[in-house]
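Remarks on the structure that follows.
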Amino acid sequence: MRYKFCPECGKKLVDKEAGDEGLVPYCDSCKKYWFDSFASCVIILVANEYDEIVLLKQSYISDVFETFVAGYIKPGENAEKTAYREVEEEIGVKLDSLEYAGTYWFEKGQQLMHGFIGRTKKRAFSLSKEVDMASWVSLDEAESRMFPPREGNAQYELYKMFKLRC
């Protein structure tokens, strides 16, 4: 999000040079720069001991494609804590381990996605209200049920990374 008005005093911002950053919205009253902001999120490929992965059906995201566990980082949380929390909230599973797998820019949502690969034992799910369905899926079956590969698709990048290891 690009700031147009100062969040503190409400005054219209002006563009001002900020070193190597170039022109940045600035408040003449508060003497403060307001750099563009965006949401930080996590996306987690959850896998079990048989190298099956969890795919979620969430109708508010898509009626066609299935996705991984994902969610927003809350103030005060780091990305790892958020990943553990989101997996437990959405599918009722505790992870045994978590590996950071990079960041991905999701242009459509203006979000920075922190990718993870989480490991757990195969078990039944306890779904949150925002998840319509979840299932353990083989890697061969998963690709046809996921969002297709395209620029900014963190799900597909995590899937490719995991598949190369198996």
Can you give the extra length, in nm with one decimal, that the chain gains between S126 and Y60 once fully stretched, where that is 0.36 nm per residue apart less the Cα-Cα distance?
21.9 nm
How large is log10 I(q)/I(0) at q = 0.15, 0.20, 0.24 Å⁻¹ when the Debye formula is applied to the Cα atoms of segment 62-166, each weighted equally and without solvent?
-0.66, -1.28, -1.85
When F35, F125, F106 are ordered from fewest to most other Cβ atoms inside 10 Å of their Cβ, what list results?
F35, F125, F106
Förster-model FRET efficiency, 22 Å R0, E99 and E21, C-beta, rounded to 0.05:
0.10
Could you please rank M161, M113, placing first whichever residue has the fewest other Cβ atoms within 10 Å of its Cβ?
M161, M113
Net charge of Cβ neighbours under 13 Å - reference K81; Lys, Arg +1; Asp, Glu -1
-3
Taking H placed 1.01 Å from N in the peptide plane, check which residues at least 5 places from A101 or on another chain put their amide H under 5 Å from its amide H.
G115, F116, I117
Going by Cα centres, segment 93-166 and segment 50-68 are how many Å apart?
8 Å
Output ³J(HN,Hα) for segment 2-11: one whole-Hz value per residue in order, computed from phi by the Karplus curve 6.51 cos²θ - 1.76 cosθ + 1.60 with θ = phi - 60°, and x for Gly and Pro.
9, 6, 10, 10, 5, x, 8, 10, x, 5
What pairs in K12/K32; K94/K122; K4/K31; K122/K160; K94/K160 have C-alpha atoms more than 19 Å from each other?
K122/K160; K94/K160
Given an 8 Å cut-off on Cα distances and at least 6 residues of separation, report the relative contact order of the chain as a percent.
23 percent
Listing L158, L98 by rising number of other beta-carbon atoms within 10 angstrom, fewest first, gives L98, L158
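The numbers here are math on the coordinates, done by the rules we state, and not lab data. Nothing here was measured: the structure is a model prediction, and the numbers come from that model. Quick reminder, even Gly has a Cβ in these numbers, built from the backbone with ideal geometry, and neighbours come from all protein chains shown.
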